[in-house]
Amino acid sequence: MRGSWRSARIAAIALAVAVLFAGCSEQPRPLPSATSLPAGVDASLIQLRSDVAAREAQVRVHNGNDEPVTITRLRVDDPRFARAAARALPHTTTVGPGATVDIRIQLPPMACEGDLTQLGPSPTATSAAPTVTMHYSLGESAAVAVSPLAEPTPFIAAMHERECRARALGAAAGVTLSSFTPSEPGVPADLALTIAPTGKGAARIVGIETTNLLTFDAGAGTTAEVFDIGVDVAEGDTESTVVHLPLVPLRCDAHAVQEDKRGTIFTVIVDLDGDGAGEIELAASEDMRGEILTWVGKWCGFGS
């Protein structure tokens with residue numbers, strides 16, 4: 001009798017331990033998918049106007065499920081990138097049922113291969129596509145998905161071409177916005193563009209374009225959408241050239257200045273050793289940007 005009681009007690013203890021461990025075991029975890037995000041979750045890559053100056057972009061995640069999806073880690077890979085693009089702020093993001101969330105990523109330098117003086121459209125730049133690697137949990141499951149990333153409004157190819165062209169130009173000459181001198185209302189300000197040859201390459205600085213906020217005085221009350229520069233740099237040149245750009249506001253509505261994102265990022269047209277005209281972007285420094293925006297406000301009559 002005592003043996004039967006002891007056996008029953010041991011069996012009860014074993015059952016309790018089994019129940020305890022069952023409660024503490026990990027929830028089901030599906031194997032990582034090499035081809036798709038979880039059902040009901042869509043992702044795309046976008047770049048907002050406010051992202052451009054900071055070289056950022058957004059992974060837009062939509063959750064069509066009835067329960068939240070939590071994203072712990074995320075990265076974007078593309079053959080045009082020198083390395084993977086990582087989250088700008090490393091934290092966990094929860095996307096509620098039916099919700100859409102933009103996750104900011106920091107774009108890496110572009111990978112510029114081969115002869116940088118030959119920068120026409122290349123198969124790499126035009127046919128490459130980004131992928132997203134997402135560590136996520138959805139309900140009781142957690143996994144890592146690697147999936148193609150849609151780019152509804154393509155921007156990487158153009159960014160790759162501009163930045164690789166700028167890098168190639170840097171081998172022949174440094175081109176900078178070197179100084180800004182404000183002016184009284186009605187009179188053009190002076191924006192100095194300095195071209196400093198390295199002596200190691202050839203290039204032609206063709207012109208510089210109006211931005212969404214600033215343009216160039218062309219005399220007699222007119223402005224120029226493109227200000228002609230026409231400076232040639234030859235191999236062996238070392239003497240710098242300073243081009244003075246007569247700057248005036250393109251518009252004088254206060255909200256345009258207050259909400260400005262790209263008004264001090266200029267498009268410069270360059271020709272690298274006869275490869276044909278292409279574009280690079282040239283941004284004012286943060287200090288110069290502040291000086292220019294302050295001047296626009298005073299020039300237009302709404303600044304202090």
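Tabulated data for the structure shown
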{"quantity": "Residue match in the range 49-57 (condition: touching an Asp or Glu at 6+ places or on another chain (Cβ under 7 Å), buried (at least 16 other Cβ atoms within 10 Å of the Cβ) and either farther than 30 Å from residue 202 by Cβ or at pLDDT below 50 (or both))", "calculated": "yes"}
{"quantity": "Top-ranked residue in the range 218-268 [being assigned to a loop (DSSP other than H, G, I, E, B) and on the phi > 0 side of the Ramachandran plot; ranked as surrounded by the most Cβ atoms within 10 Å (Cβ to Cβ)]", "calculated": "236"}
{"quantity": "Failed condition for residue 162, given (1) outside any loop (DSSP other than H, G, I, E, B); (2) more than 24 Å from residue 245 (Cα to Cα)", "calculated": "(2)"}
{"quantity": "Only listed residue being β-branched (Val, Ile, Thr) and either in contact with a helix residue (DSSP H, G or I) (Cβ under 9 Å, 6 or more places away or on another chain) or closer than 30 Å to residue 267 by Cβ (or both), chosen from 76, 69, 95", "calculated": "76"}
{"quantity": "Count - residues of the range 71-92 that are more than 20 Å from the chain's Cα centre (by Cα) and crowded, with 16+ Cβ neighbours inside 10 Å", "calculated": "1"}
{"quantity": "Any hit, the range 286-298, residues being assigned to a helix (DSSP H, G or I), touching a residue at least 40 places away in the same chain (Cβ under 8 Å), aromatic (Phe, Trp, Tyr) and surrounded by 14 or more Cβ atoms within 10 Å (Cβ to Cβ)", "calculated": "yes"}
{"quantity": "Lone unmet requirement of (1) of a type in the set (S, T, N, Q); (2) modelled with pLDDT of 85 or more; (3) outside the structural domain of residue 104 (by TED's automatic domain parsing) for residue 27", "calculated": "(2)"}
{"quantity": "Per-region count, the range 100-131, residues outside any loop (DSSP other than H, G, I, E, B), at pLDDT 95 or above, of a type outside the set (Val, Ile, Thr) and touching a His at 6+ places or on another chain (Cβ under 9 Å)", "calculated": "1"}
{"quantity": "Inter-residue pairs, beta-carbon under 6 Å, first on the phi > 0 side of the Ramachandran plot and in the range 144-172, second surrounded by fewer than 16 Cβ atoms within 10 Å (Cβ to Cβ) and not in a helix (DSSP H, G or I), 6+ apart", "calculated": "none"}
{"quantity": "Members of the range 186-199 found to be in a loop (DSSP other than H, G, I, E, B) and either small (Gly, Ala, Ser) or modelled with pLDDT under 95 (or both), listed by number", "calculated": "186, 199"}
{"quantity": "Matching residues in the range 165-190 - criterion: being among the hydrophobic types (A, V, I, L, M, F, W, C) and either touching a Lys or Arg at 6+ places or on another chain (Cβ under 9 Å) or closer than 19 Å to residue 284 by Cα (or both)", "calculated": "166, 169, 171, 172, 173, 175, 177, 180, 189"}
{"quantity": "Selection within the range 163-208 - surrounded by fewer than 21 Cβ atoms within 10 Å (Cβ to Cβ), among the hydrophobic types (A, V, I, L, M, F, W, C) and within 15 Å of residue 238 (Cα to Cα)", "calculated": "171, 196, 202"}
{"quantity": "Selection count where residues are in a loop (DSSP other than H, G, I, E, B) and among the small types (Gly, Ala, Ser), scope the range 35-68", "calculated": "6"}
{"quantity": "The range 69-94, subset in contact (Cβ under 8 Å) with a residue 60 or more places away in the chain and in a loop (DSSP other than H, G, I, E, B), residue farthest from residue 109 (Cα to Cα)", "calculated": "78"}
{"quantity": "Within the range 269-285, considering residues that are closer than 17 Å to residue 225 by Cα and over 19 Å from the mean Cα position of the chain (by Cα), the one surrounded by the most Cβ atoms within 10 Å (Cβ to Cβ)", "calculated": "270"}
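The values are calculated or read from the model by the stated rules, or taken from the named source; none is laboratory data. These numbers come from a predicted model, not from an experiment. Here Cβ is always computed from backbone atoms with ideal geometry, including for glycine, and neighbour counts include all displayed protein chains.
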